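Remarks on the structure that follows.
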Amino acid sequence: NYSIQAQNWDIIKNKIDSLYHLDSSSQSDFIKANSMRSDSADYYNKKMHFVFQSNCSMAFELVKENTLPGLKEIGVDGTKKLWIVFQHCDSIPENQVTILEIMKKAVLRGNFPPKHYAYLYDRVNTGKGEKQLYGTQLMVKSLKSGYCSRPNKHPDIIDSLRISLGL
């Protein structure tokens, strides 16, 4: 029985690896085309967002019966890759909200890295036009000065919140 479970987790890890590879390579292609001011940047942007949406749907299928594969099942590397795929589910916000709720339970059980929860929590909130809590989401301030943190709910306690989740 343990052998069958281990094989199933290996299959799931391989699926997550494939989704992550598609995610990162499509993002790389877009960044490269955009940095060269290429005419193909629009094509690669559309392709990247198509990959993000497809990946989100496929990764969402891995979440069966409100259970998220976590540290015990897919390890540190697997949870990071899965989180990145869910982080890019902006086009399906209801999936992100569902994953966030499930991820919170996994974090409380010690089976998912808390910092991934913090990033997704802020991503979901800023996607809804709300303020973030952990200061993980940035925005372009200006071309000269670069990035700054998006507005925060509790700027006076942000450092202690970040520390509590390993940020």
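For region 33-48, which positions are in a helix (DSSP H, G or I), in contact with a helix residue (DSSP H, G or I) (Cβ under 8 Å, 6 or more places away or on another chain) and not charged (D, E, K, R)? If the condition is that a residue be in a helix (DSSP H, G or I), in contact with a helix residue (DSSP H, G or I) (Cβ under 8 Å, 6 or more places away or on another chain) and not charged (D, E, K, R), then 33, 34, 41, 43, 44, 45, 48 are the ones that fit.
Where residues in region 49-70 are of a type in the set (S, T, N, Q) and assigned to a helix (DSSP H, G or I), which of them is surrounded by the most Cβ atoms within 10 Å (Cβ to Cβ)? Among residues in region 49-70 that are of a type in the set (S, T, N, Q) and assigned to a helix (DSSP H, G or I), the one surrounded by the most Cβ atoms within 10 Å (Cβ to Cβ) is 55. So is residue 116 open to solvent by less than 20 Å² (accessible area, probe 1.4 Å) and either polar (S, T, N, Q) or under 19 Å from residue 150 (Cβ atoms) (or both) or not? In short, yes. Filtering region 26-48 to residues that are surrounded by fewer than 12 Cβ atoms within 10 Å (Cβ to Cβ) and either touching a Pro at 6+ places or on another chain (Cβ under 6 Å) or polar (S, T, N, Q) (or both) leaves only 35.
Listed residues 94, 73; which is assigned to a helix (DSSP H, G or I), without any contact (Cβ under 8 Å) to a residue 24 or more places away in the chain and closer than 30 Å to residue 8 by Cβ?
94
Residues in region 127-146 that are among the polar types (S, T, N, Q) and open to solvent by 30 Å² or more (accessible area, probe 1.4 Å): 142, 145.
Examine region 102-109 for a residue that is closer than 17 Å to residue 83 by Cα, within 13 Å of the chain's Cα centre (by Cα) and surrounded by 12 or more Cβ atoms within 10 Å (Cβ to Cβ), and state whether such a residue exists. The answer is yes; a qualifying residue exists. Of all residue pairs spaced 6 or more apart or on separate chains, those with beta-carbon atoms under 6 Å, a first member in region 25-40 that is closer than 23 Å to residue 85 by Cα and a second member that is in a helix (DSSP H, G or I) and open to solvent by 70 Å² or more (accessible area, probe 1.4 Å) are 26/47. Within region 147-167, the set of residues being exposed (fewer than 15 other Cβ atoms within 10 Å of the Cβ), modelled with pLDDT under 90 and not in a loop (DSSP other than H, G, I, E, B) comprises 147, 148.
The values are calculated or read from the model by the stated rules, or taken from the named source; none is laboratory data. Predicted model only: the values in this text are computed from it and were never measured. All Cβ positions, glycine included, derive from the backbone under ideal geometry; neighbour counts span all protein chains shown. For accessibility, only protein heavy atoms count, side chains too; no ligands or nucleic acids. Shrake-Rupley method; radii C 1.70, N 1.55, O 1.52, S 1.80 Å.
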